[in-house]
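Scroll down for the structure; my scribbles are underneath it.
The values are calculated or read from the model by the stated rules, or taken from the named source; none is laboratory data. Worth saying up front: this structure is predicted, and the values here are computed from it rather than measured. Here Cβ is always computed from backbone atoms with ideal geometry, including for glycine, and neighbour counts include all displayed protein chains.
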């Protein structure tokens, strides 16, 4: 037994010695590989800038570059606010806050899913010396060792001075001096307590808490900072309350709006979400995007001129001093059909006036712009063709738990028998309602999802008339699926991201997925060509756009939204206009402004420039498709009694036989159960109105 204990003791001693030697060796390797702390410390903020490039290689934006100032030229209120918010034991620790570190470790080990920050100001400053974006315990350990080096060589004021000069408050505001001037038009020494607390709250997320865009969020964050200052004894509760009540007066933006401001905001948000704020503002990323500067310039010009014309039409001139909400707003997204690349994006009327991105954040009802999804579903599930005859007539759909729904046409008239293509060209509401009555709302939702619509869609019959909200980016991307013959490409705006060493962190490889049948897709395209040539979107042709194209107008209840989404074989563009407050768009005579009148001219202005010089490209016609001339009322070949003719695209097994779809097929559920929420009742609210007839 004694021999066993002695042996165990020596084995343990040897094992312990080896473990210690291993740790010492590891520490030696880590220390040897540590970056050098600069002298003077202020040079630690000299990090490479992040650069964002257009698809042409043109540099669009540089994030970085600081204006360092001495700490004595910084408001004491800001210094107190930063310390209270970021590291309230700063003056007492030596680079590591042991209590915060232990707390963070406890939460990591025993509360999965929760994250507790433990970095001190010194550790955050040390991050500037690490240009790798890996998030590992080894990197945290190395940062900790650098923080200890900094604390051993420099005083607290030197560390704090370097830190406040490197904080990122936004893409164009790095360091406290730039931030004070950008947001309040003051020097860093002039900002008051209220302003200091707001600025101290920004570094957590410069995009999310930007007071120009999200003043409510910024005020909420300011309250948190003030509360921290009270808790740490820097101010009293009364001072905090007074500061919170102090009005925030933001500096008027004197910057020229940068080209693609809305697009660049979208890129920056993606980068921050993926790599973190530090990487974006301090890591020297090289970002290649999809934007085409020339197309972007034309898109912005088309939107500016279109909204100026719309404002004059409504009697609200752009130069009026009325509130921003009084002016019509708009959005435009152009997507390359065969890749999904976003080539141009406009999110509102002037980026310097409003940075709210309506192209991606502002889901509005699409009105009749949603009908192509309903028509495709009918072709696919019911075996209908563009020559199928339906009757435009008064109709009632019984809805369990709500009043019967009686969809109305915009013209308040009914035309009797018409073929499906004519129904879509003239945007006849009763035809779309009859189609969704037969297919069921869920089938239409499934089609829209396949095309790329991701916004919530209510499974109600009125969905056929566009009663669910969607974004212009979704509409442009989804309609591009028809343009490509049923091949779906996810929209994207970043081609490649590299780090400072040229290593590729992210790269988009174009790939598509077939989601629609090519024959049926072409039939929908041909039907939407009719919208431009002889239907509710004929204004596009009258304004001089002559290339092969297809599209659909959309106007919602009481003229609150006006849309036009259209495409050539190569480029798909969606335009929305309306008021942010969802008020009716009416001209000075009280006449409602439709998608054909409000959105289509902006689309045409942009597309004429975007496609200038492009060769004429026809949509690819599947081998199984043939064209027939028919009477749009009878669905048969024209005869002596035909008043007009229309050309339709049919598959080999389809014929123009003139069969009229009447009544309700057996087995179709008229009274939906719980899985079919009630459609809107037959009142003005909730019922979609459609575009005025052509020439109106």
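Computed quantities for the displayed model
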| read-out | value |
| --- | --- |
| Flag for residue 52 being over 35 Å from the mean Cα position of the chain (by Cα), modelled with pLDDT of 90 or more and closer than 24 Å to residue 278 by Cα | no |
| Residue 419 touching a strand residue (DSSP E or B) at 6+ places or on another chain (Cβ under 6 Å) and at pLDDT 95 or above | yes |
| Some residue of region 204-211 being over 28 Å from the mean Cα position of the chain (by Cα) and buried (at least 22 other Cβ atoms within 10 Å of the Cβ) | no |
| Any chance residue 468 is within 20 Å of the chain's Cα centre (by Cα) and either surrounded by fewer than 24 Cβ atoms within 10 Å (Cβ to Cβ) or assigned by TED's automatic domain parsing to the domain that holds residue 578 (or both) | yes |
| Residue check, residue 441 on the phi < 0 side of the Ramachandran plot and buried (at least 24 other Cβ atoms within 10 Å of the Cβ) | yes |
| Test: residue in region 554-567 that is under 26 Å from the mean Cα position of the chain (by Cα), at pLDDT below 95 and assigned to a helix (DSSP H, G or I) | yes |
| Verdict on residue 260 being at positive phi, surrounded by 15 or more Cβ atoms within 10 Å (Cβ to Cβ) and not assigned by TED's automatic domain parsing to the domain that holds residue 346 | yes |
| Residue check, residue 237 in contact with a helix residue (DSSP H, G or I) (Cβ under 8 Å, 6 or more places away or on another chain) and closer than 30 Å to residue 341 by Cβ | no |
| Residue in region 297-310 that is in contact with a strand residue (DSSP E or B) (Cβ under 8 Å, 6 or more places away or on another chain), within 23 Å of residue 359 (Cβ to Cβ) and free of Cβ contacts under 8 Å to residues at least 60 places away in the same chain present | yes |
| Residue 599 out of contact with any helix residue (DSSP H, G or I) (no Cβ under 7 Å at 6 or more places or on another chain) and either crowded, with 24+ Cβ neighbours inside 10 Å or not assigned by TED's automatic domain parsing to the domain that holds residue 362 (or both) | yes |
| When residues of region 325-346 are limited to those that are assigned to a loop (DSSP other than H, G, I, E, B) and at pLDDT 95 or above, the one nearest to residue 609 (Cα to Cα) | 337 |
| Residue in region 216-230 that is closer than 30 Å to residue 344 by Cα and surrounded by 21 or more Cβ atoms within 10 Å (Cβ to Cβ) present | yes |
| Answer residue from region 46-86, given it is touching a strand residue (DSSP E or B) at 6+ places or on another chain (Cβ under 7 Å) and in a loop (DSSP other than H, G, I, E, B) and is farthest from residue 281 (Cα to Cα) among those | 55 |
| Complete set of residues in region 178-205 that are over 16 Å from residue 221 (Cα atoms) and in a helix (DSSP H, G or I) | 178, 179, 180, 181, 182, 184 |
| Candidates 534, 529 - the one that is touching a strand residue (DSSP E or B) at 6+ places or on another chain (Cβ under 6 Å), over 25 Å from residue 582 (Cα atoms) and surrounded by fewer than 23 Cβ atoms within 10 Å (Cβ to Cβ) | 529 |
| Selection from region 337-368 of residues that are closer than 18 Å to residue 551 by Cα and surrounded by fewer than 21 Cβ atoms within 10 Å (Cβ to Cβ) | 338 |
| Selection count where residues are touching a residue at least 24 places away in the same chain (Cβ under 8 Å), surrounded by fewer than 21 Cβ atoms within 10 Å (Cβ to Cβ) and assigned to a strand (DSSP E or B), scope region 495-518 | 7 |
| Pairs where the first residue, in region 380-401, is more than 17 Å from residue 462 (Cα to Cα) and the second is part of a loop (DSSP other than H, G, I, E, B), C-beta under 6 Å, 6+ apart | 385/654; 387/635; 387/656; 389/635 |
| Positions within region 168-206 being without any contact (Cβ under 8 Å) to a residue 60 or more places away in the chain and in contact with a strand residue (DSSP E or B) (Cβ under 8 Å, 6 or more places away or on another chain), in sequence order | 179, 202 |
